[in-house]
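Just so it is clear, none of the values below were taken in a lab; they were calculated from the coordinates. Every value quoted in this text rests on a predicted model; they were computed, and no experiment measured them. Note: ideal-geometry Cβ built from the backbone for every residue, glycine included; neighbour counts use all protein chains shown.
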Amino acid sequence: MEVFWAKGYEGAQLNDLIAAIGITPPSFYAAFGSKEAAFHEAVDLYLATVGSGPKRVLEEAATTKQGIRAALEDSIDVALSAKPGGCLLILGVVNCLPENEAARSHLLSARRKTVAMLRVRLERGVRDGDLASDTDVNGLAAFYHGVMQAISFQARDGATRAELKALIEPALAALPFIR
């Protein structure tokens, strides 16, 4: 997971992967079958471990604003938790050569789940009376996903925690509160 996170799918070489795991190439292929299958497992592991925080805090928060704030803060923690920084879901496949379409599609599916997670929480905010009844939950879900992507890219570019946290208040200003 860490090799793919640091180098991306296209940058990770078999030698990098077997060195990180401590196995031989035949054992790698026996365990995973292919680099692509190993990448899928790495992404799934990321989602179940490192990347699970934003979803958990978003769901557990009492209000929409608290949930969005907590999810963005947790995204910062994730983006700064490993070198060179950023989020595996966003930076795992950037260039996407045609032969790597399956890896890109796997990440796209995971990113769509993030947008859906945000949309569900925003819809809950409308139902709970946190947000105005005419809130554009689809637009806001896409917006907050974009903020998470910005956090990832800026962390990869070396932004500090303080610089990334400065994105949160302006992002929260987009929420149409009614109380």
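Mean sequence separation of contacting Cα pairs (under 8 Å, at least six apart), scaled by the length of the chain, corresponds to a relative contact order of 25 percent.
Nothing charged except the Cβ atoms of Lys and Arg (+1) and of Asp and Glu (-1): what's the magnitude of the dipole of the stretch 2-172 about its Cα centre? Round to the nearest 20 debye.
Working: 18 positive and 21 negative charges, 22 e Å.
It works out to roughly 100 debye.
With respect to the chain, whose longest principal axis is taken over its alpha-carbon atoms, helix 2-11 is tilted by about 70°. Computed per residue of the chain from DSSP H runs no shorter than four, each worth -39500 (n - 2.57), the mean residue ellipticity at 222 nm is -22000 deg cm²/dmol.
What is the order of LEU72, LEU45, LEU175, fewest Cβ neighbours within 10 Å to most? Walk me through the intermediate numbers first.
On the way: LEU72 23, LEU45 14, LEU175 20.
Sorted ascending by nearby Cβ count, the order is LEU45, LEU175, LEU72.
Taking a Cβ cut-off of under 9 Å around THR64, the surrounding Lys, Arg, Asp and Glu residues balance to a net charge of +1, with basic ones at +1 and acidic ones at -1.
Think of the stretch 87-179 as having a plus end and a minus end, set by charges on the Cβ of Lys, Arg, Asp and Glu; of GLY129, LEU172, ILE151, GLY129 sits farthest toward the positive end of this dipole.
How long are the semi-axes of the equivalent ellipsoid of the chain, defined as square roots of 5 times the Cα gyration tensor eigenvalues? Whole Å, largest first.
34, 16, 13
Label sites at LEU14 and ARG127, each approximated as a point 7 angstrom past Cα along Cα to Cβ, lie 5.0 nm apart. Helix 137-156 and the longest principal axis of the Cα set of the chain meet at an angle near 50°. Segment ASP136..LYS7, full-extension length gain: 42.8 nm, with 0.36 nm per residue of separation and the alpha-carbon distance subtracted. In this simple spin-label model, placing a label point 7 Å from the Cα along the Cα-to-Cβ direction at both GLU36 and VAL115 gives a separation of 2.3 nm.
What is the angle, in °, between the Cα long axis of helix 35-48 and the longest principal axis of the Cα atoms in the chain? Nearest 10 is fine, range 0 to 90. Helix 35-48 sits roughly 30 degrees off the main axis of the chain.
For the stretch 19-28, backbone phi angles converted through the Karplus equation (6.51, -1.76, 1.60; θ = phi - 60°) give residue-by-residue couplings of 5, 5, 7, x, 10, 8, x, x, 5, 4 Hz, Gly and Pro being listed as x.
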